[in-house]
1. Taking the convex hull of the Cα atoms, report for region 426-537 its projected area averaged over all directions, in nm².
2. Once the Cα gyration tensor of region 2-189 is diagonalised, what are the square roots of 5 times its eigenvalues, in whole Å and ordered largest first, as equivalent ellipsoid semi-axes?
3. Using a Förster radius of 41 Å, what is the FRET efficiency between E35 and E423 based on their Cβ-Cβ separation? Nearest 0.05, please.
4. Using a simple spin-label model with points 7 Å from Cα along the Cα→Cβ vector, what separation in nm is obtained for T522 and E412?
5. Computed FRET efficiency, Cβ-Cβ of E248 and V117, R0 51 Å: what is it to the nearest 0.05?
6. What value does region 103-210 have for Rg/Rh, both radii from Cα atoms and Rh as Kirkwood defines it?
7. Of all beta bridges DSSP finds with both residues in the chain, what is the antiparallel percent, to the nearest 5?
8. Can you work out ³J(HN,Hα) from phi for every residue in region 277-290, in order, using Karplus 6.51 cos²θ - 1.76 cosθ + 1.60 and θ = phi - 60°, giving whole Hz and x for Gly and Pro?
Amino acid sequence: MAGLAATLGSGAMTNSVEDLSEAEVMLVIGSNNTETHPVIGMRLRNAARYRGAKIIVVDPRRTGLVDDSVLWLSPPPGYDIAIVNAMAHVILEEGLHNEDYIEEKTEGFEEFKKALVPYTPEYAEELTGVPAKDILKAARLYGSANKAAILYCMGITQHSKGTDNVKSLSNLALLCGQMGKRGSGVNPLRGQNNVQGACDMGGLPNVFTGYQKVGLPEVQGKFEKHWGVELSDKVGLTVVEMSNQMMEGNVKALYVMGENPLVTDPDLTHVEEAFEKLDLLVVQDIFLTETARAADVVLPATSFAEKDGTFSNTERRVQLVRKALDPPGSARLDWEILADISTRMGYEMSYSSGQDVFEEIREVTPQYAGITYKRLGREGLQWPCPDEKHPGTPILHTKGVTRGSALFVPIEFRPPAEVPDAEYPFVLTTGRDYYQYHSATMTGRVKLLRDACPESYLEMSPEDADKLGVSDMSVVKVSSRRGHVIARIKITPNLSAGIVFKKFHFYEGAVNRLTNPVLDPTSKIPELKVTAVRIEKHDGPAPEPESQGMCLM
Ligand SMILES: Nc1nc2c(c(=O)[nH]1)N[C@H]1C(S)=C(S)[C@@H](COP(=O)(O)OP(=O)(O)OC[C@H]3O[C@@H](n4cnc5c(=O)[nH]c(N)nc54)[C@H](O)[C@@H]3O)O[C@H]1N2
Ligand SMILES: Nc1nc2c(c(=O)[nH]1)N[C@H]1C(S)=C(S)[C@@H](COP(=O)(O)OP(=O)(O)OC[C@H]3O[C@@H](n4cnc5c(=O)[nH]c(N)nc54)[C@H](O)[C@@H]3O)O[C@H]1N2
Ligand SMILES: [Mo]
């Protein structure tokens, strides 16, 4: 379940969920957390309602949290850098920056300052349409708070310049010394229950466990000694790179475990073609997904409720999961399947239990060394936890940041890879719904959730609907440079003219037929949040959600 979010690398929350709600000001940017992280979302709402915390939301859509915010900035998708740089510009101009922190803890301030000169709020308004006075207000709120936290999610990272987006937020926090204390920091909300754990375990192309880099002689040596084999020192491929290489014939076999790329990867038609070129496709999943249906071999695995193990959550907290049910039919534990395949391929793996695997994790992963099943108890422990006496680490970077001195990086605004033009005049952004989870393999089988979110509409503003002459439930054809889908319209006041939104949860009318696979050069995340599209009325029916393989209950 590494998913695309895994390409975020070692990005982890600097702070804990619990201390975040102490912030006086929270900048929530590209995160629809009342739907996607509802426990955190509720804490933010409570902080606003009962403690007077001031929330600033930056999102092209009017998300649920806007109701509890003091300010909502609504730039088009892909324009955050203009806003964040302009906030930094104002903070500097008004002397709201933290000189002591900058002096003691940071590097590169002068260059950063120089790069900010052009980013007046008026210039940012020109680029984004967000009123300069709102940017000024946001800057003053963030800049004058004692404790101010930044929370971001996929609205920031799923861009061809996602890394720059994150760096611009980090600049803003450094400028105000909002790091290394309670209620501050730059906090990415991790997506899946265990995406943090998957990354910690080296479920990334360039690292072993604990972010120990592939290719470093001391790291290679350590793992070769531990496992008693020679290991490749080549960095592997990320998800989108894999389908590109499959297309070229350079990747011939693929083993997919807990992912459903034939729904969730961008430019789906290209991905389907790439999958057809494979000699061997193995899928290990708990359901017969769209990807599993295309496989040569399907290995039925067990769900979270049917096994013991650990998950590491968004605040680096390692927690025990305990088996509650027996697995159905021939389903087996994920680690057992892997160990058996490894043994049959000539390298014997003879773990006796999940706990046995965890003991090896501790041995080779410094951050996990002090964590034992016994210590985890009910609450779990937050890594780094280097030895068995160590209490765990709720907040990172309290003694300055890891590189000793935090670096300001000048970031220039660049528009997204696709901007609207005469042929494709709308900007499509994609995302999630409260009631469905990704490709709906699990949530789609629950009648209650299916009733609450039965299909993926094309959501648009009343202005655009008027202009196109469509109304609620009208059927349209949505086309991008890569393909088209048919969808029903849902009119919503939460979007501005020119911007449309579609959820990616369903295979029927899959929005990823449209999305742009262009990658961020560093994180290799595709630009799932910005696609230029054309919308036309369509005479035929809208696609009905398929019920094949879905056992509704
Ligand atoms: N119910 C539910 N919860 C989930 C999931 C799920 O599928 N269903 N998935 C989980 C996973 S793996 C993840 S990664 C998280 C994702 O959690 P989120 O990132 O919160 O979810 P998204 O809907 O992808 O996008 C968040 C917001 O980004 C906004 N946005 C789009 N483009 C931009 C932009 O350019 N700038 C800004 N500032 N905002 C933009 C969108 O309008 C949207 O409101 O959710 C997790 N939680
Ligand atoms: N257009 C668009 N596309 C997107 C995104 C977007 O915002 N917009 N978001 C992207 C993001 S952030 C993510 S994380 C991805 C998610 O993309 P995927 O990870 O491909 O989506 P899921 O549907 O969560 O697939 C997880 C699979 O794991 C299976 N599974 C569950 N538990 C287990 C288990 O214990 N063992 C095994 N072996 N299998 C299990 C489920 O049945 C399911 O088939 O989608 C990405 N795609
Ligand atoms: Mo994700």
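The values are calculated or read from the model by the stated rules, or taken from the named source; none is laboratory data. Bear in mind the structure is a predicted one, so any value in this text is a computation, not a measurement. Counting neighbours? That spans all protein chains shown, and the Cβs are built from the backbone with ideal geometry, glycine included. Surface accessibility is based on the protein's heavy atoms, side chains included, excluding ligands, DNA and RNA. Shrake-Rupley method; radii C 1.70, N 1.55, O 1.52, S 1.80 Å.
1. Details: hull surface 28.8 nm².
Computing the convex hull of the Cα atoms and averaging its projections yields 7.2 nm².
2. On the way: eigenvalues 100, 68, 62 Å².
Over the Cα atoms of region 2-189, the ellipsoid semi-axes are 22, 18, 18 Å.
3. 0.80
4. If labels sit at T522 and E412, their model points lie 1.6 nm apart.
5. Working: r = 45 Å, r/R0 = 0.87.
Efficiency at R0 = 51 Å is approximately 0.70.
6. On the way: Rg = 16.5 Å, Rh = 16.2 Å.
Reported Rg/Rh (Cα atoms, Kirkwood Rh): 1.02.
7. Percentage antiparallel, nearest 5: 40.
8. Once rounded to whole Hz, the list reads 7, 5, 7, 9, 10, 10, 10, 10, 8, 8, 9, 7, 7, 4.
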